[in-house]
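All remarks here apply to the structure that follows.
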Amino acid sequence: MAWRGPYLLLSPLLLMLLASGSRVLAVEPEELQAVVGQTLSVRCQYTPQMGAYVRKSWCRQTSVNRCTRLVTTSEPRKAEEEPRHTIWDDPQAGFFIINTTDLREDDSGAYWCGNYNASENTIFILRNITLLVSPAPSTTHTWTTAWPFIAT
Ligand SMILES: *[C@@H]1O[C@H](CO)[C@@H](O)[C@H](O)[C@H]1NC(C)=O
Ligand SMILES: *[C@@H]1O[C@H](CO)[C@@H](O)[C@H](O)[C@H]1NC(C)=O
Ligand SMILES: *[C@@H]1O[C@H](CO)[C@@H](O)[C@H](O)[C@H]1NC(C)=O
């Protein structure tokens, strides 16, 4: 019976580690790179949801625990469109997609996708994405600067 002591002490600790581990996994930071003018397409996956519809949102982080919503769904399988952002959600399939067109350098930053709770005005974060948009490469420029090196 003595062996039960340490087991009971260790068990809550183990559960705590597992719980924090899975939480970290759920919002593991990701980095995406894109080029000016491209379209960004992000897919956010979750356990399929039955029953009352849970709205989904794409937002841009403004401080440690705040963000500005860029586009939010209002109902299942209906595209919601903002000038450069479109979102579409299928709760039965368990995913939603956000497209952002005409990427600009100042789109570089941190974004979250997740469940939006309108009454609390909170986001349950599913993905935490840092986007880096670089200037479009200029092939002509590369060629003219390379040319004198070849010539001399
Ligand atoms: C998202 O990732 C960034 C970059 O790694 C990190 O600084 C930030 O704390 C993360 N935010 C959340 C809510 O996980
Ligand atoms: C997002 O872009 C993908 C790929 O171009 C397209 O198949 C999809 O229909 C778009 N979704 C929305 C919501 O605009
Ligand atoms: C939003 O939060 C409230 C208060 O915590 C909760 O009662 C409600 O079920 C939540 N709604 C959704 C859609 O998660």
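The values are calculated or read from the model by the stated rules, or taken from the named source; none is laboratory data. Source: prediction; values computed, not measured. Cβ sites come from the backbone with ideal geometry, for glycine too, and all protein chains shown count toward neighbours.
Restricted to the range 33-86, the set of strands (runs of 3 or more DSSP E) holding at least 2 residues that are within 21 Å of GLU120 (Cα to Cα) and of a type in the set (Lys, Arg) comprises 55-63, 66-72. Does VAL64 count as loosely packed, with under 11 Cβ neighbours inside 10 Å, aliphatic (A, V, I, L, M) and within 14 Å of ligand 1 (Cβ to nearest atom)? So VAL64 fits the description; yes. Among the residues making up the range 50-80, those that are charged (D, E, K, R) and touching a residue at least 40 places away in the same chain (Cβ under 8 Å) are ARG55, LYS56, ARG60, ARG69.
Pairs meeting the criteria (first residue in the range 95-119 and in contact (Cβ under 8 Å) with a residue 24 or more places away in the chain, second residue more than 13 Å from ligand 1 (Cβ to nearest atom) and of a type in the set (Gly, Ala, Ser), beta carbons under 6 Å, at least 6 apart or on different chains) are ASN99/SER41; LEU103/ALA34; TYR116/SER57. State whether the residues of the range 93-109 include one that is surrounded by 12 or more Cβ atoms within 10 Å (Cβ to Cβ), of a type outside the set (Phe, Trp, Tyr) and within 16 Å of ligand 3 (Cβ to nearest atom). Within the range 93-109, one or more residues are surrounded by 12 or more Cβ atoms within 10 Å (Cβ to Cβ), of a type outside the set (Phe, Trp, Tyr) and within 16 Å of ligand 3 (Cβ to nearest atom).
Of the residues LEU103, LEU40, LEU126, LEU131, which single one is away from ligand 1 (no atom under 12 Å from the Cβ), touching a helix residue (DSSP H, G or I) at 6+ places or on another chain (Cβ under 9 Å) and modelled with pLDDT of 95 or more? Outline the logic, then answer.
On the way: LEU103 fails: touching a helix residue (DSSP H, G or I) at 6+ places or on another chain (Cβ under 9 Å); LEU126 fails: away from ligand 1 (no atom under 12 Å from the Cβ); LEU131 fails: away from ligand 1 (no atom under 12 Å from the Cβ).
Criteria check complete, one pass: LEU40.
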